[in-house]
Amino acid sequence: MKNNVKTIAVCAVTFALTAVLGLLPYVFLIPLLFTCVTRDWKLTLAESLFFGVLSLCYAYISPAPTPVSIAFMENPWLPIVPRLFVGLGCHGAYVLMRRAFRGKTGKAAVAVPVIVACAVGSLLNTGLIVPLLWAVAGNSLGLGVVWVSSTLISGAIELCVALAVVPPLAVTVGKALRLPDYVRKTVKTENGGSDSSAQGIAPAEQSESRKTE
């Protein structure tokens with residue numbers, strides 16, 4: 001029950017932050033990336049869908065239409081479908097990196113998967129949206145080289161912001177909520193004591209390693 005309450009609370013906060021930060025440049029991806037590295041794929045997919053639908057809604061209520069908002073209104077799938085791949089790609093990168101660091105200890109074993117996943121998510125967002133906008137609406141909206149260049153610069157800034165904000169935030173919240181990927185696992189030693197230095201190593205795996213020694 002306690003875990004369910006924590007999950008609902010965290011999801012409510014990330015959804016609310018998505019609604020607020022979606023109005024601001026460079027930071028709108030932060031709640032989605034945070035969800036990707038702290039929750040499972042189902043919640044990641046839900047957050048990705050919410051993010052995409054919200055982007056479409058903001059295109060309609062934008063006081064000054066931009067080429068991007070016009071393209072979104074003319075192609076409602078454009079802000080939604082790519083964001084599903086962004087979320088799942090980021091979460092998939094995190095899962096793969098966690099497996100790569102399985103059995104490793106130290107802060108790097110916790111931080112590196114988050115950093116790599118955030119980089120993948122941010123790059124996917126830019127790498128999917130910009131070419132699709134160019135292909136779908138480039139000619140009709142006059143999206144030229146200047147627009148592409150400025151968009152790529154914005155994507156680079158978003159990447160730097162994501163890497164500066166999400167990893168420390170995810171590690172701090174993960175430890176506070178005692179998420180399995182972010183806390184040290186305490187295992188019993190042979191003399192009956194406990195060893196909390198085996199971060200990310202399951203008790204069964206440690207037992208096997210001791211047997212082989």
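Remarks
- Of residues in the stretch 153-194 being closer than 16 Å to residue 109 by Cβ and of a type in the set (D, E, K, R), the one modelled with the highest pLDDT: 175
- Test result for residue 86, under 11 Å from the mean Cα position of the chain (by Cα) and hydrophobic (A, V, I, L, M, F, W, C): yes
- Highlighted here are the helices (runs of 4 or more DSSP H) found entirely within the stretch 67-152 that include at least 1 residues which are at pLDDT below 90: 67-74, 107-141.
- Just one residue in the set 24, 56, 32 is in a helix (DSSP H, G or I) and under 24 Å from residue 167 (Cα atoms); that residue is 32.
- Tabulated pairs, the stretch 89-109, first charged (D, E, K, R), second part of a helix (DSSP H, G or I), C-beta under 8 angstrom, 6+ apart or interchain: 98/113
The values are calculated or read from the model by the stated rules, or taken from the named source; none is laboratory data. In this text the structure is predicted, and so the values were computed from the model without any measurement. No Cβ is skipped: glycine too gets one built from the backbone with ideal geometry, and neighbour counts run over all protein chains shown.
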